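First comes the structure, then the notes that go with it.
What follows is calculated from the coordinates using simple rules that are stated; it is not laboratory data. Computed from a prediction, not measured in an experiment: that's the story for all the values here. When we count neighbours, we look across all protein chains shown, and the Cβ atoms used for this are built from the backbone with ideal geometry, even at glycine.
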Amino acid sequence: MLNTRELEKRWLKYKIKTYIPHAIIFVSIIVIMTIISIFATSNTEKTPVIATKTEKHEKRKIVAIQSLQKEQNVSTQKEIVTAPVQTNIQQNTQVQTTTLTEDTKLTLSPSMNFMRRIQNEEQQPYYKVTSSVKKSTKKRKKVVQQATVEEEYMDIEQKSQVKKKTTNKAPITIVKKEPTSKPYKKQIITIERRDSQNDIKEIITRFKKNNNPALSLFVAKKYYELGNYEQAYNYALITNAINNDIEDSWLIFAKSLVKLNKRDMAIKTLKEYIKYSHSGNAKILLNDIQSGKFK
Amino acid sequence: MNSIFVNSKNVFLDTVNPKDYVQLDRVSTIYQSLKDSIKKPLKMILLYGKPGTGKSMFLTKLSLDLADTQNVFLYDTPILDESEFYKTLAQDVFETKYAGELNFTQFMKIVKDKNLNQVPVILLDEAQLYSEELMEKIRLLSDTRTLKFVIALHKTEKEDLIAKEHFQTRIWETIELENSLPTELKIYIQKKLMKANCFDTASMFNSKAVNKIYKLTHGNYRDTNKLLYGLFEIYSTYEKNNQLYSIKTNQISTKLIEMAAIHTGLIDA
């Protein structure tokens, strides 16, 4: 009589042996697919990932960039705004310092306001860059409203250290009301700490690290605002080389050319860009250059 | 009374019995052509194929079918000694007993002296075992047209050489036997079982089971018989151990086919 148990064991071994190659093929396919998908996703998300990483480390720098963009307008209003706001801060910090204990830990998270603002700026027509003092104050209000609660904590804590009034109670709700009720306070604090030239350098170093066209575009705009048209031209050119679909970059490029007395080249460039993109803003700028409105 | 599995097992015992011969369309055609070739004035007929393709069964059936009408002599085991070979033929075909050594010249004399009305047919199985020298003598004997040889041999390089050297220039017929196709294998198995009244087990062979068997045996009849013998042996063991509940009995279990293949050595596990 056959030993069926022994035979069954041998059969089981045989089945396992036959499934091993299938299992290997299956696993290797899954691994390959995973690697491919990781590569695919990393390629598409490479730029934003780098941006968020750097923003984590340089949150304060982003605040500086925001303030830098408003620097021209802010400088005119600086004296007017500082007096009432500072008094407000003093009042607020008196309340806040009573709420904050030494053990309170603040967690900082990256603010995407900078990126959002750049995107918003790209959608706006070029002539909004040269806006009046009134417009800039409105913008500044928006920026202040967009500022995060964490930023508020930081600023308030710094002030509170000066005052050195501490209690054990911590009603956080009062702090959370700050960004909406006192929008001017935070902005002034950040503006005071930043130097425009240094900030541009920082942005340039960041740009060299990650090659983000948004950063080079910002530098180009900044240089243009500061009147350094040659550098504005250079950075707009770099931005176009990285991504030739950014309208603002083309506009800054053309405007810089006009400012560098290369009007014909600016017209030629804009015409080429309009032919390619049918951009409305580019057409307006072209008309302005041709009619002499923009010099 | 034996169980259906024991009866089915016995069906696949590896024996050459013309009663067990299963008629398949393709095989029947080949068999008919072989029968027709014997009637033709051919000197030699070569039947070749891989081991287990049914050459021995063909020769056995042929000898049985022709026995009534013709003098047929079947030698299923080769007579390797030359003198013994001549003496056996002299005794069987020409009814001449020879006490001492019988050489080719003496045997040729007997062949020429005996004037037979009908050309006797000599069927030699496993002819690849004969020496080249003896094969040459067989060729010369067939040239006399007093004897007709049907030679069955395995298809190997050596046999191809024999065919080339000894038979190429002769008027002869070659018939090749091949392994069965999956559809033929199903008919073969079911017919074989039904011949032994094992209808229940015959109905258990569906296409899936037959394809699995075909995959393991490549349609070779001998391997198939061996595998199915092992398969029904496992079934009967399961039946004895009251383990049949663990397997399907309305159709042949693939697991048991594989187990039988491991048992018979068709699968190296």
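Take the alpha-carbon centre of segment A:212-249, take the same for segment B:213-239, and report the distance between them in whole Å. Computed from Cα coordinates, the inter-centre distance equals 81 Å. Dipole check for segment A:197-291: with +1 at the C-beta of Lys and Arg, -1 at the C-beta of Asp and Glu, and the Cα centre as origin, the magnitude is about 140 Debye. Modelled spin-label separation between A:T18 and B:S3, with each label point placed 7 Å from Cα along the Cα-to-Cβ direction: 2.4 nm.
Computed over neighbours whose Cβ is under 12 Å from that of B:D25, the net charge equals +1, Lys and Arg +1, Asp and Glu -1.
Apply the a/c threshold of 1.5 to the C-alpha gyration tensor of segment B:73-129 and tell me whether it is rounded, prolate or oblate. The shape class here is oblate. Taken over segment A:197-291, lysine pairs spaced eight or more positions apart, or on distinct chains, with alpha carbons under 16 Å apart number 15. Going down the list B:K87/B:K109; B:K9/B:K35; B:K40/B:K195; A:K13/B:K215; B:K40/B:K191, which pairs span over 23 Å between their C-alpha atoms? As for pairs spanning more than 23 Å Cα to Cα, those are B:K9/B:K35; B:K40/B:K195; B:K40/B:K191.
Overall, chain B carries a charge dipole of about 840 debye about its Cα centre when +1 sits on the Cβ of Lys and Arg and -1 on the Cβ of Asp and Glu, all other atoms neutral. Helical content of chain B, expressed as a calculated mean residue ellipticity at 222 nm, amounts to -15500 deg cm²/dmol (DSSP H runs of 4 or more residues, -39,500 (n - 2.57) each, divided by residue number, nearest 500).
Taking the longest Cα principal axis of chain B as reference, the axis of helix B:55-66 is set at about 60 degrees. Dividing the mean sequence gap of close Cα pairs (under 8 Å, 6+ apart) by how many residues chain B holds gives a relative contact order of 28 percent.
Taking every Cα-Cα distance in segment B:21-132 and sorting them into 5 Å bins from zero, the calculated P(r) comes out as 2, 10, 19, 22, 20, 14, 8, 4, 1, 0 percent. Near B:T174, the amide H atoms lying under 5 Å from its own belong to B:L46; only residues 5 or more places off or on other chains count, and H is placed 1.01 Å from N. For chain B, the alpha-carbon radius of gyration amounts to 1.19 times the rule-of-thumb value 2.2 N^0.38 Å expected for a compact globular protein. Percentage of Cα-Cα pair distances in segment A:197-291 greater than 18 Å, rounded to whole percent? The answer is 42 percent, as a whole percent. Across segment B:25-177, the relative contact order, built from alpha-carbon pairs under 8 Å that are at least six residues apart, equals 39 percent.
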